[in-house]
Structure formats: structure tokens, C-alpha cells
Amino acid sequence: MKHSEMSLFKQFTRIGPGVAVLGWLPSRCLKTPPHPLECDKCTNACPVSAIVFQDIENSGELTLTISDNCHGCSQCVPACPTEAIFSAETTALISKQKAHQTLDLTCHRAVNQDNSGHHIHCLRSLGEDVLAELGANALPEIVTLYIPDNCRGCDAAPIEPNDDWLENANAICHLTNVAAQSPYQPPRSAISRRDLLLGRPTASLPNIPFDDAAPKARRLQRQANAAQTLGPHASPSYLNVLLDTDACVAHGVCSKVCPTQALTEDDGALVFNPPECISCGHCVSACPEKALTASSSVNGNIVTLRQSEHPTCRSCGHLFQQRNTSNNENTMLTCPACQREAMLMQESFHDLFH
């Protein structure tokens, strides 16, 4: 393989009916090998159920397709925790932003659109991480979102009464309500001459480096970096994992299913790193003893959930790994092999005399 081919990873799949320029990188997706894990965040975020995962015949692999029902809101993009789905429009916006300058953003439904602001087809395609990154880059100026009628009557607006996106956007940016056109229209398939002359972003998919093609908590880390500039109000919410050490038997299944290495086991110690966690919940569901529970947290401090010691077995004299629990004072100082041997001997004597 040539060096030029090694530097960039271009094996993404262009998805969508043609009007929405989106890309899907299978190596980042949690549903594809070598994981494969259950994840439905992108499909749940689609307001028209246009996203479909299909098995490729006789290959054991998956492909992602978007049907013609897609109207181009791109809300699947911020919903993907690993950035397996990405938008050409968002990539162009970030690359074209000028530092330390006011940024005005609005969508195609706004009335009286002038030439002073940037037009995103749907503002909801911008997640908390992107809004925080734009806000941090604009300081000491601000990012203003012009929301047409607060998204009321829009096909891309949420059905539920609670609008989490609007609440999170209000914490990071300045929101202004403007008048709106009534219909929601699909995005244009090509840039117009007017947009070309004004230097507005064109739709092109990014190149992905080879060393950045695996699942990672990119969005969480991007927002955390931006919060260092914006302040605590823009900080992300981390997942906190708790371990019941009495129930844990230290077989390591939880760390083996973690797709981002947020949960690792080294020399018997189980360590949780919140900034690496994508909140997929697979460690919790995979634990046979149900020893792990998840909750929200405001900080991203690394936590050691379980430690271990290496005492000498009183039976065979060899060192073995012993986990620390709340009732270690009652633990027999014998290795697992000697414990199994003692149990087999006890069962044999029981069968002999009964």
C-alpha cells in the first residue's frame, strides 16, 4: 500500500437518495464487525424512519441505506455517538468558520434570508459538540441561531413535548425566533451560482485518517475541549459506572465488550475512563452477575472500580490473583485451582458415604 493511501481512509459509503450528502464509515459503526453490538441511535433519531441496516447476502456484513423518505434533516448525524455517519454540510461549515467572529446560522425555512448569515438546511443537524466547537472558535463573539418559529410546524421537529436539542442549543448559543415559511423542503442537490459567488460551503465528504477509523467518543471529547473555553455551562454529561464488588467475579466480560476501551482491565484492576465512554451500555447488559450499573455524572474523572491483590496460596504456595471485596476478611487465601480441587474432594467423599 502506498503512503498516500495509508494517510487517508476513504472507504466510506455515500448514503442517501442523492440530495442529502451523508457518508457512513462501517469501521466506526457499532453494528458492524468486529464488534458487532446493538445500537439504534441513528434509526431512533430519524423522524421519517428512513434509515435501514441490511445484511449483505453471503458476506456476514451489514450495509446502511437511506430510503427516498429521507427529507435531508440529517439528525442522524449528531445522534451517532462514534461519528460513523457524517455530513458534508457540517464539515464544510466547520472548515469555513472564521475565528473570533460572529457567526449567524439559520435554516431554509427562515423568511427574509439575507447574505449576512450562513444557511444550514436543518439546524438540528448540528449536535451539542459542533455547536460548542463553533461557539469556542467564535469567542469573544457569539454564535446566533435564528430558529424559524421555534421549529413549530416543521417536518424535522420532534413529536415529543420536550425539546432536548433546543434546550441544549440555548445553553451554548444565542437563540432568536424568526418568522418561518410553512413547508419543509428537501435540500438542493447542487450548489447554486449565487452560493458559489458568495463562497458558501460546498457539499463534499471528508477524508478520514487511517488511525481515526475506529469507534471513539469523538463528540464527547470535542465538547469537553470546547467547554474549557466556553465555561462549565457547555460541559458534556458523562456516564458514571458503579460496580458491586460483592457480585463481581472478575471474569472481564465487561471490558471485553467495550468498543472504545473506556472500561479496561489491567493486572486485575478494572478501570473506567468516562471521557472515552459513548454510553452504549453494553458493559452493563453483558455482565452475567448484573454487577454494573450506570448513572449520569458531572465530571470525567478516571475511576478504579476494582483492584486486586496477589497473595500466596496457603495450599500450593503459588501467587494468585484475588479481587478486593467488602468481605475480604472472610475470603479463603487459596487459589481458584486449589479451591476447585477441595470442592471435588468434598463431593467425592459425600458420594462415597451417601
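The values are calculated or read from the model by the stated rules, or taken from the named source; none is laboratory data. From a predicted model like this one, the values you see are computed outputs, not experimental measurements. We place every Cβ from the backbone using ideal geometry, glycine too, and count neighbours over all the protein chains shown.
Per-structure values
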quantity: The range 30-53 residues that are among the small types (G, A, S) and modelled with pLDDT under 90, paired with ones that are part of a loop (DSSP other than H, G, I, E, B) and surrounded by 15 or more Cβ atoms within 10 Å (Cβ to Cβ) (beta carbon under 6 Å, 6 or more apart); calculated: A50/C70
quantity: So I94, is it surrounded by fewer than 22 Cβ atoms within 10 Å (Cβ to Cβ), β-branched (V, I, T) and closer than 19 Å to I208 by Cα; calculated: yes
quantity: Some residue of the range 74-93 being part of a loop (DSSP other than H, G, I, E, B) and farther than 30 Å from V143 by Cβ; calculated: no
